[in-house]
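The values are calculated or read from the model by the stated rules, or taken from the named source; none is laboratory data. Note that the coordinates shown come from a computational prediction; the quantities given were computed from them, not determined experimentally. Heads up, the Cβs are rebuilt from the backbone with ideal geometry, glycines too, and the neighbour counts pull from every protein chain shown. Just the protein is used for accessible areas: all its heavy atoms, side chains included, with ligands, DNA and RNA removed. Shrake-Rupley method; radii C 1.70, N 1.55, O 1.52, S 1.80 Å.
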Amino acid sequence: MKYISTRGDAPALSFEDVVLTGLANDGGLYLPETLPKFSAEEIASWRGLDYRELAFKIISPFVDGEIPDADLKKLIESAYSKFRHDAIAPLVQTGHNEFILELFQGPTLAFKDFALQFLGHLFDYVLKKRNQKVVVMGATSGDTGSAAIEGCRDCENIDIFILHPNKRVSDVQRRQMTTVLTDNVHNIALEGNFDDCQNMVKASFADQSFLPDGRQLVAVNSINWARIMAQIVYYFYAGLALGSPARPVSFSVPTGNFGDIFAGYLAKQMGLPIDQLIIATNSNDILHRCISNNDHSKQPLVHSISPSMDIMVSSNFERMLFDLYDRDGAAIKQLMEDFKSGEMSLAEGPLNKARELFSSYRLDDKETVDVIREVFENTEYLLDPHTAIGVQAARKQRKSKDVPMVCLATAHPAKFPEAVRQAGQAADPALPLHMRDLFDREERYTVLENDLAKVHAHMAANINA
């Protein structure tokens, strides 16, 4: 299988090459040239598989034999060995035909673990085979960073640099990153917001001349195709648990960078009968505005109680646009140029396609807190603020109560005690046992100005692998 750029001017790559490349050299994002398709009969035959077995069925067509099946199975087994729940992605019912898909059972308590535990093992496998050393660089609005660090901390051939917006992530999120003291882990607190961090990563991939000879940057953000690929699995897992393919299922997805819900779109294209895909946003609602009003303009970023969604430039939306515009790379390149100026609107045909595929909804902080309180009062189930946004979006946008609605729980509530306290909880939710000493651990990170040259100098001086 070959992978092509959304902007049409980069060479097609193999699976292993695309894993190590991240952004295409034309500035685009990589996607498979064709998607594997599964028949209803084939999907039905997977009903008895556990999560790891199902992951192999979904992922192997994308790998297309580049990694032997036995090795791929070992990588998948290792990736999910640190998850705290045997089901890996358990479902909890919170209402009539309403379910929470708990994607926070991994080592860093966020859905990013599903992709980044796998990606870390995949990096290690490919780099050892190629006898190659790389520099991982990523930006995080809260959860990606700790999941990436956890996935890469034991990789001998990687130095990992994670940029987070200084004082704009929760204390738990920061400490999950900054208390990992291995020599190959480097945390940078950037004086700016998440979009500043993300822009710096993109600029660094475009010009890697600051790196020592023989090194290249590798992406852990969801611009890396392997992350999207790994996230497709839990849509099939939830669908099968609720009766698919004989029965359709709907999903509501707390959405920032568009990678998670894009994986749901891909699952639908691959044969999973998905009735609705709901984009759930906080006050940073560029995606909701785009779907509802064709308004994809940049607005000032709002610092919210759901910080992982405090994003105004949703990188993975470019992948969706590529399909909406019938894979016309030139059209996508022009759209991205338009967006640089601050505004972008979709043509009528692509906009209508988007509205057929997605519903959307927006919540502010007060509404988010109200949902956390209401759900706890009715079910004694405690939501984190991101998941609460997904639940309310599902309830407001749901078309049929006959179709199971799955709300993706993207993080554990213990990561966001401030929001939980605002919802009326007398005590902060307890961290899982393996993290109970988090606030006693030593921290290590560097605060840097929002200056590309200074960040590059810091990185060049601290490469150890």
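The table for this structure:
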{"read-out": "Pair list, Cβ < 6 Å and 6+ apart or interchain, from segment 409-422 residues that are more than 14 Å from L91 (Cα to Cα) and β-branched (V, I, T) to residues that are at pLDDT 95 or above and buried (at least 24 other Cβ atoms within 10 Å of the Cβ)", "value": "V420/P413"}
{"read-out": "Output for segment 182-215, where each listed residue is basic (K, R) and more than 26 Å from K167 (Cβ to Cβ)", "value": "R215"}
{"read-out": "Search result, residues across segment 28-51 that are in contact with a strand residue (DSSP E or B) (Cβ under 8 Å, 6 or more places away or on another chain) and either farther than 29 Å from L127 by Cα or part of a loop (DSSP other than H, G, I, E, B) (or both)", "value": "G28, L29, E33"}
{"read-out": "Members of segment 139-175 that are closer than 15 Å to G120 by Cβ and of a type in the set (A, V, I, L, M)", "value": "A147, A148, I149, I158, I160, I162"}
{"read-out": "Condition met for A189 (in a strand (DSSP E or B), in contact with a helix residue (DSSP H, G or I) (Cβ under 9 Å, 6 or more places away or on another chain) and hydrophobic (A, V, I, L, M, F, W, C))", "value": "yes"}
{"read-out": "Whichever residue in segment 166-199 is under 16 Å from M459 (Cα atoms), of a type in the set (A, V, I, L, M, F, W, C) and surrounded by 22 or more Cβ atoms within 10 Å (Cβ to Cβ) and, among such residues, is nearest to the chain's Cα centre (by Cα)", "value": "C197"}
{"read-out": "Scan of segment 142-154 for residues that are assigned to a loop (DSSP other than H, G, I, E, B) and either open to solvent by 10 Å² or more (accessible area, probe 1.4 Å) or of a type in the set (D, E) (or both), ordered by number", "value": "D143, R153, D154"}
{"read-out": "Odd one out for V126, checked against (1) in a helix (DSSP H, G or I); (2) at pLDDT below 95; (3) of a type in the set (A, V, I, L, M)", "value": "(2)"}
{"read-out": "Residue list for segment 38-52, restricted to those being within 23 Å of the chain's Cα centre (by Cα) and closer than 19 Å to A263 by Cβ", "value": "Y51, R52"}
{"read-out": "Candidate set: segment 73-94, residues that are of a type in the set (G, A, S) and closer than 15 Å to L122 by Cβ; chosen: the one most open to solvent (accessible area, probe 1.4 Å)", "value": "S81"}
{"read-out": "Candidate set: segment 330-381, residues that are in a loop (DSSP other than H, G, I, E, B) and modelled with pLDDT of 95 or more; chosen: the one most open to solvent (accessible area, probe 1.4 Å)", "value": "E380"}
{"read-out": "Complete set of residues in segment 96-123 that are out of contact with any helix residue (DSSP H, G or I) (no Cβ under 8 Å at 6 or more places or on another chain) and assigned to a strand (DSSP E or B)", "value": "E102"}
{"read-out": "In segment 389-430, the residues that are under 15 Å from I279 (Cβ atoms) and either basic (K, R) or part of a helix (DSSP H, G or I) (or both)", "value": "I389, G390, V391, Q392, A393, A394, R395, K396, Q397, R398, K399"}
{"read-out": "In segment 431-450, residue nearest to T94 (Cα to Cα) [restricted to those that are open to solvent by 80 Å² or more (accessible area, probe 1.4 Å) and not in a loop (DSSP other than H, G, I, E, B)]", "value": "L433"}
{"read-out": "Within segment 287-303, considering residues that are among the polar types (S, T, N, Q) and at pLDDT below 95, the one most open to solvent (accessible area, probe 1.4 Å)", "value": "Q299"}
{"read-out": "Test for S283: is it open to solvent by 10 Å² or more (accessible area, probe 1.4 Å) and touching a residue at least 60 places away in the same chain (Cβ under 8 Å)", "value": "yes"}
{"read-out": "Top-ranked residue of segment 66-83 - restricted to ones that are assigned to a loop (DSSP other than H, G, I, E, B) and touching a helix residue (DSSP H, G or I) at 6+ places or on another chain (Cβ under 8 Å), ranked as farthest from R436 (Cα to Cα)", "value": "E66"}
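Residue-by-condition table, conditions (1) surrounded by fewer than 21 Cβ atoms within 10 Å (Cβ to Cβ); (2) in contact with a Cys (Cβ under 7 Å, 6 or more places away or on another chain); (3) at pLDDT 95 or above:
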{"position": "V233", "(1), (2), (3)": "no, no, yes"}
{"position": "A246", "(1), (2), (3)": "yes, no, yes"}
{"position": "N257", "(1), (2), (3)": "no, no, no"}
{"position": "A263", "(1), (2), (3)": "no, no, yes"}
{"position": "L277", "(1), (2), (3)": "no, no, yes"}
